[in-house]
Amino acid sequence: MATSQRSKSASPKPDRESVLRPADHVSGSGDAPVGPKLGIFGWLRWIWRQLTSMRTALILLLMLAAAAIPGSIYPQRSADPNGVTTYFQQNPTSAPIMDRFQLFDVYSSSWFSAIYILLFISLIGCVIPRIGVHAKALMAPPAATPTNLSRMPAFKAVKAGPKKRAAAVPSAEVLLKKKGYRVSVGENSVAAERGYWRETGNLIFHVALVGLLIAVGVGGAYSYSGQRILVEGDTFVNNLAGYDSINPGIAFNESQLPPFAMTLNQFDVAYDHTNKTNVGTPLWFKAHVTVRTPGQTAGTKYDIQVNKPAELPGAKVFLSGNGYAPVITIRDSKGDVAYSGPVVYLPQDANMTSLGVIKVPDAKPEQFGILSFFYPTAGKLSTGAYTSIYPANANPLITMNVYKGNLGLDSGIPSNVFSLQVHGLKQLTGGKTGVKSIQLALGQTSTLPNGLGTVSFDSLRRYASLDVDYNPGQLWVLAFALLALGGLIMSLLIPRRRVWVKVTEEGIEVAALARGDDPLLDRVVGDLSAQLKPKKTKASGDDLASNEKGE
Amino acid sequence: MQPVQLNEGLSRFTELGIYISMLFYAAAFVMLAMNLAREASEKKSQKAVNARLEKWSVNLIIAAAVFHGVGVIGRGIAVQRVPWANMYEFTITATLTAVVIWIVAQFLRPEVRFVGLFISGFVTLALGIATTLWYVQVKTLMPALQDWWLLVHVSVAILGTAFFNIAAALAIAYLFKSAKWVQEPSKKLKKNPLFKLMKLILDKFPPMQRLEELSYRFNIIGFILWTFTLIAGAIWAEHAWHRFWGWDTKEVWTFIIWTIYAGYLHANATRGWSGKRSAWLVVIGFAAIIFNFTIVNLFFKGLHVYSGLK
């Protein structure tokens, strides 16, 4: 996977294939070894060579790019689980078939994994021998001067008298060494090479990619990401039961959760109301929390903002969402409290029109559920329906539709607290019932239909969606990524070139050969030949060269 | 933190600079094409006009860039922040960057001057789309974007895109020059006056190997910048979205683009893959960048929803 090496520069070892294969090797399918001559090891070796060839690496890279595309088209369980659920509901016949081909888990699918694992095997198989070759090259002197320099891509011959010819080899040695070349001096020639860092950088890049993959894998195994919705005034204790949902890595252990309790004291949000084009745009969100660890009663205060997580020992706590949680009390027909507390409403639009569900299984004589909308700043549409016209709570209003019947909570099947399955329930208000939906302003109480009791909107709180995350691999991932970047820069920008200076009977020959792209090849040869045999106008050049020799 | 004073009037007024620059770019496009045609002409009287025409088309693009710059800076002042937080702003800034890099490059290496033909055409088109379809009124940054990584991550992405853009123009020139129907045209095509003109223009482009080399050099800079964009994006994603990589649609496409260009670098070192095939990879890579910026931004579901459009 030598990204730096280009075949057209016609260097003696232009690419990885010719390092591994004979120089007269011709690419193409026709050159595969003939079967019968190969034993099982021969075949294995052939397969290995194919796998570690540059062409295979290239094909695998392009396959990897193509294989990543479906994951951006279809919803993925990892990034968008709700999208997957919706997709199944909308495409009940095709979705299960697609699921069998792992199209909803593309990046952990067997086919995607197969491509990148093969790619990495190919990479390792290519890089390991190259490390050996490069180590040898680092220790060996530069390649001896070839007989015919004029065949090199950059070549210049200048005529010179005996004095300059005699000085050419020692001056060239000094000049080239000064420019960072590794120099080996022959009888009447100098061979020099520079830019070993190009290959070193290339190897660093590829090895760092392997490190990156390992860090991602190991880090992911021990990582976890837990979500919790926390209403103002509530406290969350960091254990498994404390989370609404948690995505642990495969090696995760509950004891990894650092013990702490977090209280959301207040959630602050500011919306722009001064700039006409920007009204209602959130300017900032701030979750003011207090964190208590064992033995610590006072606690530490943090202001969590988007982009500014609370960095606790062993975990980071991020702010990922927010909304309104009106405090609602429901009394049944006997006047007993059947429900009381903050209800988390999920925002549906930019103006925080929010949807909430209340299930009242304990109501006597009959269970009922409520589908409800909350408008922080209620405004009426021309159709008569309400909508929120501003995201802050300037004119809070709740509307409710009541559904009577078995809520299905006693069957033991887990159900989503944020949705009400209205199928099989009897709608009592709103829609086609002819009974107006219940409307509650802050502090109001209203009677429920059919003598079910009363409902009141006692107060308004906000909530924050918090994400607790831990990934021990991520610093390693960053380190390897930066190492790869450094290696990449070296391997693409440092020119690797060989330069030869030879004294002939008529004068001096200078030639250069690049390994990989080298924009300066001709200039190097031109400059060097000019320095070795300066034009007459620069008479001091000859002295300069001999001066340098004397240093 | 006080809400800033946004200025829609200023944004609209300086957008005039963008409109003027579009006229200039379009005119420069025509002049550069005329210039190449004249240069290729065999008539001596026409050749004489050359130098002046070329000089004036370069000057015209420089003037266009100045007006373009007024539009970009004006938008920045109007919103009191960097002008690259939605599709309109990103387009005007990224195209200006590509133009400026071209201006610098053609002074250093006059042989890339002909790329101005592609750049001026592309920029006119992109600005036309941005001003008509993607303009959004002045807005503050949503909280997720309020971070100095916006400065680093997006500006480097813009730079990388600009380098890839020029490299793609060079690869397209290469593909035209090396195409079989251009190299060995049919008799009927040979007589076609339009084809003759095109052939004359193509002959004025640098030789094929030179185009390949130049494209490679712009691509390696683009690739380094793109790699940095990816890493910077991951660092930012870690503290904005609590994970450094989550296969968000935009992340997926950034990865796809990176992989295509990595493939291109390998293609250059694989026998039978340098030349036309690697030039195709450059075109595909740049097409993926455009796709990532337009289709993914507007129609794919994801976290990078910053077009500001409804």
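Any residue at all in segment B:70-86 that is surrounded by fewer than 20 Cβ atoms within 10 Å (Cβ to Cβ), free of Cβ contacts under 8 Å to residues at least 12 places away in the same chain, more than 14 Å from every other protein chain (Cβ to nearest Cβ) and over 15 Å from the mean Cα position of the chain (by Cα)?
yes
Looking at segment A:179-193, is at least one residue surrounded by 15 or more Cβ atoms within 10 Å (Cβ to Cβ), part of a helix (DSSP H, G or I) and in contact (Cβ under 8 Å) with a residue 12 or more places away in the chain?
No, there is no match, as no residue in segment A:179-193 is surrounded by 15 or more Cβ atoms within 10 Å (Cβ to Cβ), part of a helix (DSSP H, G or I) and in contact (Cβ under 8 Å) with a residue 12 or more places away in the chain.
Could you check how many residues of segment B:284-310 are closer than 28 Å to A:P282 by Cβ and modelled with pLDDT of 90 or more?
Of the residues in segment B:284-310, 3 are closer than 28 Å to A:P282 by Cβ and modelled with pLDDT of 90 or more.
Considering only residues that are more than 10 Å from chain B (Cβ to nearest Cβ) and in contact (Cβ under 8 Å) with a residue 12 or more places away in the chain, which ones fall in segment A:44-70?
If the condition is that a residue be more than 10 Å from chain B (Cβ to nearest Cβ) and in contact (Cβ under 8 Å) with a residue 12 or more places away in the chain, then A:W46, A:W48, A:R49, A:L51, A:T52 are the ones that fit.
Restricting attention to segment B:268-285, report how many residues are crowded, with 24+ Cβ neighbours inside 10 Å and either within 7 Å of another protein chain (Cβ to nearest Cβ) or among the polar types (S, T, N, Q) (or both).
Of the residues in segment B:268-285, 4 are crowded, with 24+ Cβ neighbours inside 10 Å and either within 7 Å of another protein chain (Cβ to nearest Cβ) or among the polar types (S, T, N, Q) (or both).
Can you give me the number of residues within segment A:42-72 that are of a type in the set (A, V, I, L, M) and either outside any helix (DSSP H, G or I) or at pLDDT below 90 (or both)? Give the derivation first.
Going through segment A:42-72, the residues of a type in the set (A, V, I, L, M) turn out to be A:44, A:47, A:51, A:54, A:57-69.
If we keep only those that are either outside any helix (DSSP H, G or I) or at pLDDT below 90 (or both) too, we end up with A:44, A:47, A:51, A:54, A:69.
Summing the residues that are of a type in the set (A, V, I, L, M) and either outside any helix (DSSP H, G or I) or at pLDDT below 90 (or both) in segment A:42-72 gives 5.
From the list A:N188, A:N265, which one is over 25 Å from the mean Cα position of the chain (by Cα) and within 30 Å of A:L149 (Cα to Cα)?
A:N188
Considering only segment A:381-393, I want to know if a residue exists there that is in contact with a Leu (Cβ under 8 Å, 6 or more places away or on another chain), in contact (Cβ under 8 Å) with a residue 12 or more places away in the chain and outside any loop (DSSP other than H, G, I, E, B). If you could, list the steps in order and put the result at the bottom.
As a first pass, look at segment A:381-393 and keep what is in contact with a Leu (Cβ under 8 Å, 6 or more places away or on another chain): A:386-387, A:393.
Still in the running and in contact (Cβ under 8 Å) with a residue 12 or more places away in the chain: A:386-387, A:393.
Applying the additional criterion that residues be outside any loop (DSSP other than H, G, I, E, B) yields A:386-387.
Within segment A:381-393, one or more residues are in contact with a Leu (Cβ under 8 Å, 6 or more places away or on another chain), in contact (Cβ under 8 Å) with a residue 12 or more places away in the chain and outside any loop (DSSP other than H, G, I, E, B).
Checking B:L303 against (1) outside any helix (DSSP H, G or I); (2) free of Cβ contacts under 8 Å to residues at least 12 places away in the same chain, only one condition comes out false. Which one?
Single failed check for B:L303: (2).
Being away from chain A (no Cβ under 14 Å) and under 19 Å from B:I221 (Cβ atoms): is that true of B:I129 here?
Here the answer is no, as B:I129 does not meet what is asked.
From the list B:F228, B:F218, which one is in a helix (DSSP H, G or I), in contact (Cβ under 8 Å) with a residue 40 or more places away in the chain, more than 8 Å from chain A (Cβ to nearest Cβ) and touching a Leu at 6+ places or on another chain (Cβ under 9 Å)?
Result of the check over B:F228, B:F218: B:F218.
What are the residues in segment A:221-230 that are buried (at least 19 other Cβ atoms within 10 Å of the Cβ) and either among the small types (G, A, S) or in contact with a Leu (Cβ under 7 Å, 6 or more places away or on another chain) (or both), if any?
A:S223, A:S225, A:G226, A:R228, A:L230
Here is a yes/no grid of residues against (1) assigned to a helix (DSSP H, G or I); (2) over 27 Å from B:T229 (Cβ atoms); (3) touching a Cys at 6+ places or on another chain (Cβ under 9 Å); (4) not acidic (D, E):
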site: A:L483; (1), (2), (3), (4): yes, no, no, yes
site: A:L492; (1), (2), (3), (4): yes, no, no, yes
site: A:V501; (1), (2), (3), (4): no, yes, no, yes
site: A:E505; (1), (2), (3), (4): no, yes, no, no
site: A:V510; (1), (2), (3), (4): no, yes, no, yes
site: A:D517; (1), (2), (3), (4): no, no, no, no
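Might you let me know whether segment A:453-465 holds any residue that is within 14 Å of chain B (Cβ to nearest Cβ), outside any helix (DSSP H, G or I) and more than 30 Å from A:M152 (Cβ to Cβ)?
Within segment A:453-465 (the criterion being within 14 Å of chain B (Cβ to nearest Cβ), outside any helix (DSSP H, G or I) and more than 30 Å from A:M152 (Cβ to Cβ)), the answer is yes, since at least one residue qualifies.
What single numbered condition from (1) crowded, with 17+ Cβ neighbours inside 10 Å; (2) touching a residue at least 40 places away in the same chain (Cβ under 8 Å); (3) of a type in the set (A, V, I, L, M, F, W, C) fails to hold for A:V306?
A:V306 satisfies all of (1) crowded, with 17+ Cβ neighbours inside 10 Å; (2) touching a residue at least 40 places away in the same chain (Cβ under 8 Å); (3) of a type in the set (A, V, I, L, M, F, W, C) except (2).
Can A:T329 be described as in contact with a Phe, Trp or Tyr (Cβ under 9 Å, 6 or more places away or on another chain) and either surrounded by fewer than 16 Cβ atoms within 10 Å (Cβ to Cβ) or assigned by TED's automatic domain parsing to the domain that holds A:Y390 (or both)?
yes
Could you say whether any residue in segment A:309-317 is part of a strand (DSSP E or B), in contact (Cβ under 8 Å) with a residue 40 or more places away in the chain and not aliphatic (A, V, I, L, M)?
yes
Here is a list of conditions, (1) surrounded by fewer than 17 Cβ atoms within 10 Å (Cβ to Cβ); (2) in a helix (DSSP H, G or I); (3) away from chain B (no Cβ under 14 Å); (4) not hydrophobic (A, V, I, L, M, F, W, C), and A:P141 meets all of them except one; can you say which number that is?
(2)
From A:G321, A:G341, which residue is without any contact (Cβ under 8 Å) to a residue 24 or more places away in the chain and part of a strand (DSSP E or B)?
A:G341
Quick one: is A:N406 under 26 Å from A:D272 (Cα atoms) and assigned by TED's automatic domain parsing to the domain that holds A:G431?
Against the criterion (under 26 Å from A:D272 (Cα atoms) and assigned by TED's automatic domain parsing to the domain that holds A:G431), A:N406 does not qualify.
Is it fair to say A:G299 is within 29 Å of A:L409 (Cα to Cα), in contact (Cβ under 8 Å) with a residue 12 or more places away in the chain and surrounded by 15 or more Cβ atoms within 10 Å (Cβ to Cβ)?
On the way: within 29 Å of A:L409 (Cα to Cα): no; in contact (Cβ under 8 Å) with a residue 12 or more places away in the chain: yes; surrounded by 15 or more Cβ atoms within 10 Å (Cβ to Cβ): yes.
When the stated conditions are applied, A:G299 does not pass them.
What number of residues within segment A:81-103 satisfy the criterion of being more than 22 Å from A:Q227 (Cβ to Cβ), of a type outside the set (G, A, S) and either in contact with a Pro (Cβ under 6 Å, 6 or more places away or on another chain) or assigned to a helix (DSSP H, G or I) (or both)?
Looking only at that region, the number is 8.
Tell me whether segment B:109-119 contains one or more residues that are surrounded by fewer than 19 Cβ atoms within 10 Å (Cβ to Cβ) and aromatic (F, W, Y).
no
Could you look through segment A:249-277, keep only residues that are touching a strand residue (DSSP E or B) at 6+ places or on another chain (Cβ under 9 Å) and part of a helix (DSSP H, G or I), and pick out the one that is surrounded by the fewest Cβ atoms within 10 Å (Cβ to Cβ)?
For segment A:249-277, the residue satisfying everything is A:E254.
If A:T235 passes every condition in (1) closer than 30 Å to A:P326 by Cβ; (2) of a type outside the set (D, E); (3) in contact (Cβ under 8 Å) with a residue 60 or more places away in the chain but one, which one does it miss?
Result: A:T235 fails condition (3) only.
Take B:W247 and decide whether it is facing chain A (nearest Cβ under 7 Å) and among the hydrophobic types (A, V, I, L, M, F, W, C).
Working: facing chain A (nearest Cβ under 7 Å): yes; among the hydrophobic types (A, V, I, L, M, F, W, C): yes.
So B:W247 passes the test.
Output the number of residues of segment A:144-160 satisfying the condition of being in a loop (DSSP other than H, G, I, E, B) and farther than 19 Å from A:G180 by Cα.
Within segment A:144-160, residues that are in a loop (DSSP other than H, G, I, E, B) and farther than 19 Å from A:G180 by Cα number 6.
Between A:L448, A:L488, A:L442, which is buried (at least 17 other Cβ atoms within 10 Å of the Cβ), outside the structural domain of A:M262 (by TED's automatic domain parsing) and closer than 30 Å to A:E366 by Cα?
A:L448
The values are calculated or read from the model by the stated rules, or taken from the named source; none is laboratory data. Only a predicted model underlies this, so the values are computations on that prediction, with no experimental measurement involved. Positions of Cβ are backbone-derived with ideal geometry, glycine not excepted, and every protein chain shown enters the neighbour counts.
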